[in-house]
Amino acid sequence: MTEVTDTGRSAPADDWRLFRGDGQVRQLVLPEPPPWRRFGLDERQSGAAPADPHRPYLIDQPQIDVVNAALHLRRPLLVTGHPGTGKSSLAYAIAHEMGLGKVMRWPVNSRSTLAESLYQYDAVGRLRETSLSQDQGAQPPDIGQFIRLGPLGTALVPGEHPRVLLIDELDKGDVDLPNDLLTVFEEGEFEIPELSRLPAGQNQASVHTAHGTDPHVVVGGLVRCREFPVVVITSNGEREFPPAFLRRCLRLDLPDPDERRLRAIVAAHLGPDAVSRVDDLIRLFLARRAPGELATDQLLNAAHLRLGGVDLDANGLLEAVLHQLGGSV
């Protein structure tokens, strides 16, 4: 990290602190971010993991076999585990290794509905544009311009290869949402009523798809997959799912990484030479960790700061990085 002086010449900063709390304005050159916090167009276009598409995803053979069973059976994979065990990253690893393109990600919250994941219809926009066209004596715009498929809807678009769909944190959604998904999972299709109601000969429309993928021509209002998508559903275990939903999924529980795996994760993200330099942090992390109380990415954060020359022992900084995830804040 360097600091630009009033003369415009770069001079080494006296320490790692970018913000000093003294009210003085400085022009700073930010240091490189951690590998898992780098964002950019290349990663989004490649469809691989946003953090680093070329970094290996570390997983043991028993978990690999469960993933392969789900792929053979064309069943959704319900992935559970404590925070930081790599649940969401698994979808990106599958897409990258199998060459399946962009991951369709649906982050679920308490207001999420099945309808929004399938498609959205801008009726107000269509009415406005149709009115303008009539005023100008022009043809009204095609209805497909006002329909955009959601992540689940886009994942069901037929193609040469299946898409990968990440349904992230399904346990945060409404209690009825898992059951709402069952019909779509079983049938591999859904209907867009706004298109199916069109008269014969006019029931074909080119609609938008999610995340800037190619438009799709829908005939008769029906979107039906050719290959069932690779569906990865993550859950933090905040509530139980109904038996009917669980019956249609394969369960995969990702364990907390042991010392061997933690060292491999540090080496994969920060380089093989980093492991010996943060050995004490790894041992401290293992000593403090209780199930669900610390996440692996917290260890990576501490290791990144240590390798950058930060004194983690100063003023309780380590406590801020390796803070417990449970309890009140």
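The values are calculated or read from the model by the stated rules, or taken from the named source; none is laboratory data. Keep in mind the model is a prediction, meaning the values are calculated, not measured. All Cβ positions, even for glycine, are placed from backbone atoms using ideal geometry, and neighbour counts span all protein chains on display. These area figures cover heavy atoms from the full protein model, side chains too; ligands, DNA and RNA do not enter into them. Shrake-Rupley method; radii C 1.70, N 1.55, O 1.52, S 1.80 Å.
The single residue among L100, L73 that is open to solvent by 40 Å² or more (accessible area, probe 1.4 Å), touching a residue at least 40 places away in the same chain (Cβ under 8 Å) and aliphatic (A, V, I, L, M) turns out to be L73.
The residue that is least open to solvent (accessible area, probe 1.4 Å), among those in segment 189-206 that are in a loop (DSSP other than H, G, I, E, B) and either in contact with a Leu (Cβ under 9 Å, 6 or more places away or on another chain) or free of Cβ contacts under 8 Å to residues at least 12 places away in the same chain (or both), is I192. Checking each residue in segment 144-164 for being within 26 Å of E129 (Cβ to Cβ) and open to solvent by 10 Å² or more (accessible area, probe 1.4 Å) picks out Q145, F146, R148, P151, V157.
The combined condition, being more than 18 Å from T85 (Cα to Cα), assigned to a loop (DSSP other than H, G, I, E, B) and over 22 Å from the mean Cα position of the chain (by Cα), is fulfilled by L312.
Identify the residue in segment 36-70 that is among the basic types (K, R) and at pLDDT below 75 and, among all such residues, is surrounded by the fewest Cβ atoms within 10 Å (Cβ to Cβ). The qualifying residue surrounded by the fewest Cβ atoms within 10 Å (Cβ to Cβ) is R44. What residue, among those in segment 122-156 that are in contact (Cβ under 8 Å) with a residue 12 or more places away in the chain and acidic (D, E), is farthest from L222 (Cα to Cα)? Of everything passing the filter in segment 122-156, E129 is farthest from L222 (Cα to Cα).
Looking across segment 133-143, just one residue is touching a Pro at 6+ places or on another chain (Cβ under 9 Å) and open to solvent by 80 Å² or more (accessible area, probe 1.4 Å), and that is Q134.
Number of residues in segment 165-180 that are under 17 Å from R248 (Cα atoms) and open to solvent by less than 60 Å² (accessible area, probe 1.4 Å): the value is 7. Apart from one condition, D122 fits all of (1) open to solvent by 60 Å² or more (accessible area, probe 1.4 Å); (2) touching a Leu at 6+ places or on another chain (Cβ under 6 Å); the exception is (2).
Yes or no: segment 20-34 includes at least one residue that is modelled with pLDDT of 85 or more, open to solvent by less than 60 Å² (accessible area, probe 1.4 Å), more than 25 Å from A264 (Cβ to Cβ) and not in a loop (DSSP other than H, G, I, E, B). Checking segment 20-34: not a single residue is modelled with pLDDT of 85 or more, open to solvent by less than 60 Å² (accessible area, probe 1.4 Å), more than 25 Å from A264 (Cβ to Cβ) and not in a loop (DSSP other than H, G, I, E, B). For segment 121-141, the candidate set comprises residues that are at pLDDT 85 or above and among the charged types (D, E, K, R); within that set, the residue that is farthest from A205 (Cα to Cα) is R128.
In the set L254, L286, L281, L300, only one residue is in contact with a Lys or Arg (Cβ under 9 Å, 6 or more places away or on another chain) and under 21 Å from L318 (Cα atoms); that residue is L281.
The criterion of at least 3 residues that are surrounded by fewer than 13 Cβ atoms within 10 Å (Cβ to Cβ) and either among the hydrophobic types (A, V, I, L, M, F, W, C) or without any contact (Cβ under 8 Å) to a residue 60 or more places away in the chain (or both) is met by the following helices (runs of 4 or more DSSP H) wholly inside segment 207-296: 243-247, 279-288.
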